[in-house]
Amino acid sequence: MNKRVTRRDFLRHSAVAGSSVVAAGYFTSRSRAQSTSPGEKLNIACIGVANRASENIGGVRGENIVALCDIDDRYLASVGEEFPKARKYNDFRKLLEQNDIDAVVVSTTDHIHAPASIGAMKLGKHVYCEKPLTHTVSEARLAAETAKKMNVATQMGTQIHAENNYRRVVEIIQSGAIGKVAEVHAWVGSRWGGGDRPNETPEVPPHLHWDLWVGPAPTRPYHPTYLPANWRRWWDFGSGTLGDMGCHYMDLPFWALGLRHPTTVSAEGPQVHPETAPLGLTVHYEFPARGEQPPVRLTWYDGNHAPRQVAGHRVPGAGVMFIGEKGQMFADYGSYRLYPESDFADFEPPPQTIPNSIGHYNEWIKACKEGTPTTCNFDYSGALTEAVLLGNVAYRTGQKLEWDPVALKATNCPEAEALIYKEYREGWTLWR
């Protein structure tokens with residue numbers, strides 16, 4: 001049985017996001033983590049232990065890993081050997097009942113991010129969650145509101161945000177070196193999309209807990225095509241290339257230009273497939289003016305829509321191009337270039353105003369212990385995730401969305417509500 005979570009449900013329950021009740025059928029009590037002094041180690045639980053999760057575990061392994069969860073018994077046994085004192089679970093809902101946990105790292109499929117993260121925060125746990133923060137727009141808003149009400153330390157896994165190059169790009173843009181920016185292009189050539197649901201129904205391998213992997217999504221037969229990474233192209237579990245990479249590359253203009261909620265979103269791509277994301281997508285965002293900064297048009301491209309030239313410049317397979325009044329600036333993870341090159345031949349970067357990071361994971365650990373800020377907390381990354389996922393909503397509805405961020409509603413497109421909110425399988429909803 002599936003439960004449709006409507007806008008009315010969301011508004012009613014977001015108002016009590018800090019209450020002790022979490023999802024139907026689990027989290028019957030709240031055990032808020034005790035404050036931890038800087039000299040003490042955190043007790044951390046890791047939901048997801050292999051593939052992408054292995055790097056996240058590496059980032060926090062200096063603390064006490066007290067619980068591990070994965071639906072694959074082989075992965076769980078292997079990582080469990082490294083942390084023999086950690087309790088092992090297949091079901092994260094059972095893990096969150098362990099009462100000595102201070103903080104949780106969520107490294108799962110997109111569709112598990114919100115149930116695990118919000119469930120942990122409602123129990124008073126600090127949370128680090130991989131990107132995109134959630135699977136739907138409404139979940140991102142609820143995650144941000146829950147973090148604020150529970151006063152927990154949060155960080156979304158956009159690790160590149162902590163690297164020095166992004167910080168220097170933000171300083172240059174904010175210094176006015178290329179003038180006011182009203183246009184930005186961001187792109188990545190990778191692609192997660194295409195394909196039909198398989199017809200074969202092989203036996204579930206004995207080491208996999210398939211029903212737990214499906215979790216809140218509609219049940220379906222096991223097939224190896226979904227694991228370990230292809231789930232990203234399936235709407236029920238992932239968010240396509242945009243969801244996978246948008247939070248990394250759109251992070252830079254969001255940070256540099258102080259963007260938050262778009263006013264309109266439209267998208268271009270192939271005919272919409274009911275099961276899988278497209279192999280290429282173009283999304284157009286319009287953001288309002290911010291103080292003295294003009295409105296911004298941000299265009300996203302992925303897969304076979306990725307450009308070879310932007311603003312007359314040949315570009316690599318991924319990056320961001322800022323178009324300013326006085327010039328343009330290209331940036332990727334590790335470098336930047338200013339155009340026209342002749343105009344910036346003697347360019348000297350402005351004085352450093354953004355401190356170098358102590359490390360993306362270390363920021364979060366320090367915040368858990370001392371209450372210091374993180375740069376990708378759920379307030380910032382929740383709004384970023386909302387904008388990213390709205391691109392998929394615009395594509396799947398085939399309409400230019402007129403977005404009301406306060407009401408969390410596309411005012412001209414009632415069909416969008418079914419994608420902004422979603423159905424959860426019984427026992428997996430975010431609230432009673």
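The values are calculated or read from the model by the stated rules, or taken from the named source; none is laboratory data. All figures in this text were calculated on a predicted structure; none of them were measured in a lab. So basically every Cβ, Gly included, is an ideal-geometry build from the backbone, and we count neighbours across all protein chains shown. Accessible surface is based on the protein model in full, side chains and every heavy atom, while ligands, DNA and RNA are left aside. Shrake-Rupley method; radii C 1.70, N 1.55, O 1.52, S 1.80 Å.
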Item checked: Inter-probe distance in nm under a simple model that places probes 7 Å from Cα toward Cβ, at A229 and N199 -> 2.9 nm
Check: For the range 291-326 and the range 175-237, what is the separation of their Cα centres, given in Å?
Finding: 25 Å
Next item on the list: Assign one of three labels to the range 111-239, namely rounded, prolate or oblate, based on the Cα gyration tensor with a ≥ b ≥ c the square roots of its eigenvalues; rounded applies when a/c is under 1.5, prolate when it is not and a/b is larger than b/c, and oblate otherwise.
Entry: oblate
Notebook entry, point to check: What figure in square angstrom, to the nearest 10, would you give for the accessible area of E163 with a 1.4 Å probe?
Noted result: 90 Å²
Note to self: If I take R0 = 22 Å and measure r between the Cβ atoms of D379 and Y333 in this structure, what FRET efficiency does the formula 1/(1 + (r/R0)^6) give, to the nearest 0.05?
What the structure shows: 0.40
Notebook entry, point to check: Considering the zone a paramagnetic label at A289 would reach in this model (a point 7 Å from Cα along the Cα-to-Cβ line), which residues of the range 154-194 have amide N under 16 Å from it?
Noted result: 180-183
Checklist line | Per-pair calculated FRET efficiency, R0 = 30 Å: N164 and E40 via Cβ, rounded to 0.05 | finding: 0.50
Check: In degrees between 0 and 90, to the nearest 10, how far off the longest principal axis of the chain does helix 73-82 point, with axes built from Cα atoms?
Finding: 80 degrees
Next item on the list: Please work out the FRET efficiency for the pair T372 and R425, using the Cβ-Cβ distance as r and a Förster radius of 30 Å; give the result to the nearest 0.05.
Entry: 0.20
Check: With axes computed from alpha carbons, what is the tilt in degrees of helix 110-122 against the longest principal axis of the chain, rounded to the nearest 10 within 0 to 90?
Finding: 70 degrees
Check: Remind me, relative contact order of the range 257-363 in percent, using alpha carbon pairs under 8 angstrom and six or more residues apart?
Finding: 14 percent
Next item on the list: Can you bin the range 296-431 into rounded, prolate or oblate? Criterion: square roots of the alpha carbon gyration tensor eigenvalues sorted a ≥ b ≥ c, rounded for a/c under 1.5, prolate for a/b above b/c, oblate for the rest.
Entry: oblate
Notebook entry, point to check: Top to bottom by accessible area (1.4 Å), largest first, where do D211, D70 land?
Noted result: D211, D70
Item checked: Principal-axis tilt of helix 360-370 within the chain, Cα atoms, nearest 10 degrees -> 60 degrees
Checklist line | the range 210-286 shape via C-alpha gyration tensor axes, a/c threshold 1.5 | finding: prolate
Next item on the list: Using a 1.4 angstrom probe on heavy atoms only, work out the carbon and sulfur share of the accessible area of the chain in %.
Entry: 49 percent
Next item on the list: Name the lysines eligible as straight-distance cross-link partners of K148: C-alpha to C-alpha under 28 Å, and not fewer than 8 places from it in the same chain.
Entry: K3, K41, K94, K122, K125, K131, K366, K369, K409, K422
Item checked: Entry for mean projected area of the Cα convex hull in nm² (calculated from the structure that is shown) out of (1) 24.9; (2) 20.6; (3) 22.2 -> (2)
Notebook entry, point to check: What whole number of Å gives the distance from the Cα centroid of the range 37-111 to the Cα centroid of the range 359-384?
Noted result: 19 Å
Item checked: Distance between modelled label sites at S54 and D91, nm, 7 Å Cα→Cβ extension -> 2.9 nm
Check: What 222 nm value per residue comes from the helices of the chain, counting each DSSP H run with n ≥ 4 as -39,500 (n - 2.57) and dividing by all residues, nearest 500 deg cm²/dmol?
Finding: -8500 deg cm²/dmol
Note to self: Quick check: with the 1.4 Å probe, what order do M245, M329 take by accessible area, largest first?
What the structure shows: M245, M329
